[in-house]
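The values are calculated or read from the model by the stated rules, or taken from the named source; none is laboratory data. Predicted model only: the values in this text are computed from it and were never measured. With ideal geometry, Cβ positions are generated from the backbone for all residues, glycine too; neighbour counts draw on all protein chains shown. Just so you know, the surface numbers come from the protein's heavy atoms only, side chains and all, with ligands and any DNA or RNA stripped out. Shrake-Rupley method; radii C 1.70, N 1.55, O 1.52, S 1.80 Å.
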Amino acid sequence: MNASTIATRYFAMWNEADADARAAIIEQTWSSDGTFTDPSFEVTGHEGLTKMVETAHQMFPGHAFSLTGTVDEHHNHLRWSWHLAAPGQQPVAGGTDVITLTDDGKITGVIGFLDFAPAH
């Protein structure tokens, strides 16, 4: 997988409402012991990722995550910035994620930094 494909699948995971479709995206994109850590969440594995995304959907119904700018890449790391917004609205949150990949191109770790977000 190339960096663009990984980013596309990552944001598809966050935005997919159907649990089965989201599970398939997670299976294709993440290592089984992949971790996600940001100021709001710290999870490990596919089940943890699933619960995290479900929580985000409950907290921000009708909102979607989107890539802002370009994907930076070196060695087995990616970096991108994102926004969370409802259609036609200003973003309610935004930040930057640093991604570590396995040798076969699956996500094994994400460290997220929030630039702005509502209190929760």
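Would it be correct to say that Ala86 is out of contact with any helix residue (DSSP H, G or I) (no Cβ under 9 Å at 6 or more places or on another chain) and not basic (Lys, Arg)?
Details: out of contact with any helix residue (DSSP H, G or I) (no Cβ under 9 Å at 6 or more places or on another chain): yes; not basic (Lys, Arg): yes.
Considered against the rule, which asks whether it is out of contact with any helix residue (DSSP H, G or I) (no Cβ under 9 Å at 6 or more places or on another chain) and not basic (Lys, Arg), Ala86 comes out as yes.
For region 63-79, check the following and say yes or no: at least one residue is in contact (Cβ under 8 Å) with a residue 40 or more places away in the chain and out of contact with any Leu (no Cβ under 9 Å at 6 or more places or on another chain). Within region 63-79, one or more residues are in contact (Cβ under 8 Å) with a residue 40 or more places away in the chain and out of contact with any Leu (no Cβ under 9 Å at 6 or more places or on another chain).
Scoring Ala12 on the criteria (1) surrounded by 14 or more Cβ atoms within 10 Å (Cβ to Cβ); (2) in contact (Cβ under 8 Å) with a residue 60 or more places away in the chain leaves a single failure, condition (2).
If you filter region 61-92 down to residues that are among the charged types (D, E, K, R) and farther than 21 Å from Ala117 by Cβ, you find that the one that is most open to solvent (accessible area, probe 1.4 Å) is Glu73. Does Thr102 satisfy being open to solvent by 20 Å² or more (accessible area, probe 1.4 Å), of a type in the set (Val, Ile, Thr) and over 14 Å from Ala7 (Cβ atoms)? The answer is yes for Thr102. Inside region 1-35, can you point out the residues that are outside any strand (DSSP E or B), of a type in the set (Gly, Ala, Ser) and either over 13 Å from the mean Cα position of the chain (by Cα) or farther than 16 Å from Gly105 by Cα (or both)? Ala3, Ser4, Ala12, Ala17, Ala19, Ala21, Ala23, Ala24 - these are the residues of region 1-35 that are outside any strand (DSSP E or B), of a type in the set (Gly, Ala, Ser) and either over 13 Å from the mean Cα position of the chain (by Cα) or farther than 16 Å from Gly105 by Cα (or both). Write out, first by first residue and then by second, each pair whose Cβ atoms fall under 9 Å of each other, whose residues are 6+ apart or on separate chains, and whose first residue, in region 33-57, is on the phi > 0 side of the Ramachandran plot and surrounded by 13 or more Cβ atoms within 10 Å (Cβ to Cβ) while the second is part of a strand (DSSP E or B) and charged (D, E, K, R). Close Cβ pairs (under 9 Å, with a partner that is part of a strand (DSSP E or B) and charged (D, E, K, R)) amount to Gly45/Asp33. Of the set (1) part of a loop (DSSP other than H, G, I, E, B); (2) at pLDDT below 95, all apply to Gly69 but (1).
Scan region 38-45 and give yes if some residue there is out of contact with any helix residue (DSSP H, G or I) (no Cβ under 8 Å at 6 or more places or on another chain), part of a strand (DSSP E or B) and among the β-branched types (Val, Ile, Thr), otherwise no. Yes, because at least one residue in region 38-45 is out of contact with any helix residue (DSSP H, G or I) (no Cβ under 8 Å at 6 or more places or on another chain), part of a strand (DSSP E or B) and among the β-branched types (Val, Ile, Thr).
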